[in-house]
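Please read the structure below before turning to the comments.
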Amino acid sequence: MVREQYLTTTDESGALSPVSEYIYMIGIYGWRKRCLYLFVLLLLIILVVNLALTIWILRVMWFNTEGMGYLQVNADGLRLEGESDFLFPVYAQEIDSREDSALLVQSSENVTLNARNADGDVTGSVSVGPSQAEGFGQHFNISSNHDENLFYADANGAVVGKGKLRVTGPEGAFFEHSVRTPMVKAVLNKELKLESPTRSLSMDAPKGVHVKALAGNADVMAHFDIQLHSTAGLLILDAEGVRLPTLPVGKARTSGDSQGMYNTYEVCVCPSGKLFISRAGVSSTCSEQQDC
């Protein structure tokens, strides 16, 4: 690009006369100019493609003023409608379902819920897998919708909050250690059986142990001896009849052979129900032994 510039000079007579001077300005020509146009065209193409992709993403993800598609952002948090897949861990303070539907959490492997403290350490966890469910924490508590304690467990023991614990398994319940309960009762029209296959079975209570069978028999069986012992009280058998079918019968003693034979006793019953034995004679000797 060439521009012509005119300057004025003064001659000897003092008149002004123009003088022409040529100034050459350097521009972009040839391949540089074509590269510049190509670069500008490439930028325009990239800008159009980016704008088209942005519009496509906004269209596909359903961005709006309230959120993104089924995901709505409000003052209380996030609201998600329908089913969603999470590929990585989800951190949330509270997860609620809709009022008219249930909350379903499922996974092809397992579902794990962790609670962390301020330092990021896991303080409680619940994991549900294909074959088992595991959980750990300082204590475990199950409450009803009325905020009633149904079950509580910690390192010291487990507590059933309701008034009754019902075991419906055909094999019953197996306890490796002691059980503390005010009552053990069978299901209606079913038998109640307390058994210790290889060890002893003990029932202790500070105010008494009551065994009742309202519509059947109460059987006590043992491989060896059955001992009924009262430290400071009486043993009362209150029934219409008391039978001892296998009570051994002593051999009668004769005057001729007093060394090889055994003494014979009879069982006496007092009006109060007390039992005692008396040496047998020709007739009853219970009246002679007033041990009531």
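The values are calculated or read from the model by the stated rules, or taken from the named source; none is laboratory data. Note that the structure is predicted; figures quoted are calculated from it, not measured. No Cβ is skipped: glycine too gets one built from the backbone with ideal geometry, and neighbour counts run over all protein chains shown. We work out accessible area using only protein heavy atoms, side chains counted, and drop any ligands, DNA or RNA first. Shrake-Rupley method; radii C 1.70, N 1.55, O 1.52, S 1.80 Å.
Within the full protein context, the accessible area of residue 40 is estimated at about 70 Å² for a probe radius of 1.4 Å. For region 97-209, the carbon plus sulfur part of the accessible surface works out to 50%, probe radius 1.4 Å.
Residues 180, 166, 79, 32, sorted by accessible area with the largest first, give 180, 166, 32, 79 [1.4 Å probe; ligands and nucleic acids excluded]. Compactness of region 42-178 is given as radius of gyration and Dmax, 23.7, 84 Å, from Cα positions.
Using the eigenvalues of the Cα gyration tensor, what equivalent ellipsoid semi-axes result for region 33-74 when each is taken as the square root of five times the eigenvalue, whole Å, largest first? Could you put the intermediate results ahead of the total?
Values: eigenvalues 261, 12, 4 Å².
Three semi-axes, in Å: 36, 8, 4.
Going by accessible surface with a 1.4 Å probe and the largest first, 268, 286, 35 read 35, 286, 268. Give me the distance between the Cα centres of region 41-64 and region 97-172, rounded to whole Å. That distance is 48 Å.
The orientation-averaged shadow of the Cα convex hull for region 56-124, equal to a quarter of the hull surface, comes to 7.0 nm². Using heavy atoms of the protein chains and a probe of 1.4 Å, the accessible area assigned to residue 123 is about 70 Å². Taking one quarter of the surface of the convex hull spanned by the alpha-carbon atoms of region 161-229 gives a direction-averaged projected area of 6.5 nm².
Within the full protein context, the accessible area of residue 47 is estimated at about 110 Å² for a probe radius of 1.4 Å. Fully extending the segment from residue 50 to residue 167, taken as 0.36 nm per residue of separation minus the present Cα-Cα distance, adds 35.4 nm. The chymotrypsin sites (Phe, Trp or Tyr not before Pro) of region 107-174 that DSSP puts in a loop, and whose beta carbon has at most 16 other beta carbons within 10 Å, are 174.
Using +1 on the beta carbon of Lys and Arg, -1 on that of Asp and Glu, and nothing else charged, what's the dipole of region 195-248 about the Cα centre, debye to 20? Each step should come with its number before you reach the end.
Details: 4 positive and 6 negative charges, 18 e Å.
In total the dipole reaches around 80 debye.
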